[in-house]
Amino acid sequence: MAAEAPGVPITPANRLWTGERLLVALVLAYVLFTTFWPLARLFSAGLQSGEDGAFLGVMRETLANRATGRALWNSLITSGLSALISAVLGVALALALSLLRLRTQAVLVFLILTPLIVPSQTMALAWIELFGSGSPVLGPLGLAPAPGTANPLYSAGGIALVMGVEHMPLVFIATRAALRSVPADLVEAARILGIPNRRIGTGIILPIALPSVLAGSLLAFTAAIGNFGVPALLGIPGRVSVLTTLIYQRLNGFGASAAGQVAVLAILMTAIAAAALVLRHVTMRRLSAPLPAGKPFEATRRAPVIEVLIWALVLLIAIAPLLALTMTALLPAIGVRFGLDTVSLAQFARVLGNDAVRRAFVNSLFLAGLCALISMVVSVPLAYLVVRRPNWLVRAIDVLVEAPWVVPGTVVALAMILAFLKPLPLIGVSLYGTMAILVVAYLARFLPLVLRPVTAAAQTADPALDEAGRIVGAGLWRRLAWIFLPHVLPAAIAGAILVLMTALNELTLSALLWSSGNETIGVMVFALQYEGNSTAAAAVAMLSAVMVFAICGLASACARWLPDNVLPWRR
């Protein structure tokens, strides 16, 4: 592995601590601190003996608890139903946008992806306002529930519906990518043979897309299992407990003494998510078939009526909830009728005058920006090792950094609590209750969002350039800075933008790790809604959504300098 400049004497010391070995050691230390150590502490806590010394006693007691069984059942039911809703909506929209020539396709794609771009807790809050008894959208139409009636979304069905819409873009993206790979020659040959369009759709196009549909649906199921924002805002008022909210309630109620029990719940969630991801991998390997090369199929048929129906559906699932949220934020208080005489910006002024809300925006911007910057710095040398100098250790690191992104965010947060509750060895400082634990959790969670685009870009670079640099005597750090970095920098920036968008409104980690003075935007939305101050929560959520859309606009404006297929709404 060691490779030094010609003429430099290689001694035992510099063989061990210079060049690529030093780089591997630094990356390994980073991953051990942010990922391996917390996850190892989590699993060890869940697998410990019970108070009577019985083998796996904590796990046995937790799994035998009725609350665990009820939360597990609710998680499977709501996640399964939501994945079904995501599949129906995502496949229908992907078929329509891929097989028909629509005039407003670009706008429709962005709106269809809106539920994925807007933070989970904001979408949940928007749906609550849409279907509440005081709905400013359904009220004037006479469709809102009667005053005093419980919101119908405070139920298992409501959780499944909102999560189904939120995760629908995952199925849409997967299905649309498969449909765009259908060769035009294949469809044309079927038409020449006189096969009707319906049979072409059911016998040729759908079988090609089926593996991607199943893979996208399983991804939506995995996302639903780990979702915290929607079950927290809908399930806690409706007394529908799922695994993520049960972990939150146990930690809030019993503190660190419940660490063993919640670790078991986290392991249970991880096992479900891992099983779904393994099934997704098997599905893609067994059912995917190689397609002949050729020009992709391009839609030529126009369908104005279907385009109107698609717009109606998109307005219902993407625009109507956000419209209800905006109208609620413009009201001075709960229960006030929406009208020209009652609309004002007073609620926005009130929340912006709140010290905790202002602090939450500053904290979220700091966390998201710092996480994006550090992830860029780490991803570049790690991608270099993965692509240029792969060995068993580098491959293990590459797999390990995926873990915090794959497992539910609640699991990652709990792992951080267990790892950093006690003071760190040597320095005697505890990260728990400080901003530092949020930084570490964010770094572990969002590193793959930068690493994957950078690795993909590195794989397209010519390795001869690196070899040429080595031959002329350029050391590792100079080759990284002047040869490798310029090629992967656009991908690193694109990944950093995705981190910024995702981390800005993060809630799953923050809900368990925040402390006084370290609030985040997601935590403030959740807290205000939980206190019953819906209009203030709506105002904060709208401000955060505007920030996300502004970042989307900035990223779109810079799209010409970014790699293809990095921004989801431009795929």
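The values are calculated or read from the model by the stated rules, or taken from the named source; none is laboratory data. What you are looking at is a predicted structure, and each value in this text was computed from that prediction instead of being measured. Note: ideal-geometry Cβ built from the backbone for every residue, glycine included; neighbour counts use all protein chains shown. Just the protein is used for accessible areas: all its heavy atoms, side chains included, with ligands, DNA and RNA removed. Shrake-Rupley method; radii C 1.70, N 1.55, O 1.52, S 1.80 Å.
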Legend entry - Exposed-site-free run, longest, the chain (rule: GluC sites (Glu not before Pro); DSSP loop; at most 13 other C-beta within 10 Å): 52-297
Inset, instruction - At 24 Å minimum axial length over the Cα atoms and a Kyte-Doolittle cut of 0.5, report the qualifying DSSP H helices in the chain, or say none. - result: 66-99, 156-179, 206-225, 259-287, 355-388, 435-459, 485-504, 534-557
Inset, instruction - On the protein heavy atoms, probe 1.4 angstrom, tell me the percent of accessible surface of region 369-444 carried by carbon and sulfur. - result: 76
Inset, instruction - Would you calculate the separation in nanometres between label points at Leu309 and Trp392, each defined as 7 Å from the Cα along the Cα-to-beta-carbon direction? - result: 5.8
Legend entry - DSSP-assigned coil residues among trypsin sites (Lys or Arg not before Pro) in region 218-320, each with at most 10 further Cβ atoms within 10 Å: Arg239, Arg301
Inset, instruction - Quick one: work out Rg over Rh on the C-alpha atoms of region 336-397, Rh as Kirkwood radius. - result: 1.44
Inset, instruction - Diagonalise the Cα gyration tensor of region 175-312 and give the resulting equivalent ellipsoid semi-axes, square root of 5 times each eigenvalue, largest first, whole Å. - result: 45, 20, 9
Inset, instruction - Evaluate the charge dipole of region 414-571 about its Cα centre and quote only its size in Debye, nearest 20, assuming +1 on the Cβ of each Lys and Arg and -1 on the Cβ of each Asp and Glu. - result: 260
Inset, instruction - Report, in whole Å, the centroid distance computed from the Cα atoms of region 99-130 and region 329-364. - result: 24
Inset, instruction - Give me the Debye-computed log₁₀ of I(q)/I(0) at q = 0.10, 0.16, 0.17 Å⁻¹ for region 10-137, equal point scatterers on Cα only, no solvent, two decimals. - result: -0.78, -1.02, -1.05
Legend entry - Dipole of region 265-403, positive direction: furthest Cα of Val378, Leu309, His281, with charges on the beta-carbon: His281
Legend entry - Cα-centred dipole magnitude for region 387-485, charges only on beta-carbon of K, R (+1) and D, E (-1), debye, nearest 20: 140
Inset, instruction - Report relative contact order for region 185-344 in percent, whole number only (criteria: Cα-Cα under 8 Å, sequence separation at least 6). - result: 23
Inset, instruction - Multiply the residue separation of Ala559 and Ser181 by 0.36 nm, subtract the distance between their alpha-carbon atoms, and state the gained length in nm to one decimal. - result: 133.8 nm
Inset, instruction - Compute the Cα gyration tensor for region 107-200, then decide on rounded, prolate or oblate, letting a ≥ b ≥ c be the square roots of its eigenvalues: rounded whenever a/c is under 1.5, prolate when a/b is larger than b/c in the other cases, and oblate in all that remain. - result: prolate
Inset, instruction - Show that you can apply the helix-only estimate: for the chain, add -39,500 (n - 2.57) for every DSSP H stretch of four or more residues, divide by all residues, and state [θ] at 222 nm to the nearest 500. - result: -21500 deg cm²/dmol
Legend entry - Size of region 12-87 as Cα extents on the principal axes (Å, biggest first): 60, 47, 13
Inset, instruction - Could you state the accessible area per residue of the chain in Å², with a 1.4 Å probe and every protein chain left in place? - result: 45
Legend entry - Relative contact order [Cα under 8 Å, 6+ residues apart], region 26-132, whole percent: 8
Legend entry - Estimated inter-spin distance, Ala271 and Arg239, nm [label 7 Å along Cα→Cβ]: 2.9
Legend entry - Arg286-Arg358 pseudo-label distance in nm [points 7 Å out on the Cα-to-Cβ vector]: 5.9
Legend entry - Computed over region 460-533: relative contact order in percent, which uses C-alpha pairs under 8 Å that are six or more apart: 18
Inset, instruction - Once you have the Kirkwood Rh of the chain from its Cα pairs, apply Stokes-Einstein at 25 °C and 0.890 mPa s and quote D in µm²/s. - result: 96
Inset, instruction - Enumerate by residue number the chymotrypsin sites (Phe, Trp or Tyr not before Pro) in region 15-107 meeting two conditions: DSSP loop (anything except H, G, I, E, B), and at most 15 other Cβ atoms within 10 Å of the site's Cβ. - result: Phe55
Legend entry - Cβ-derived FRET efficiency at R0 41 Å, Tyr530 paired with Trp482, nearest 0.05: 0.20
Inset, instruction - Send over the semi-axes of region 357-495's equivalent ellipsoid, whole angstrom and largest first, taken as the square roots of 5 times the C-alpha gyration tensor eigenvalues. - result: 32, 17, 15
Inset, instruction - Could you calculate the contour length gain from Arg199 to Gln48, that is, 0.36 nm times the residue separation minus the distance between their Cα atoms, to one decimal place in nm? - result: 48.6 nm
Inset, instruction - Leaving ligands, DNA and RNA out of it, report the carbon-plus-sulfur percent of the accessible area of region 146-186 at a 1.4 Å probe. - result: 66
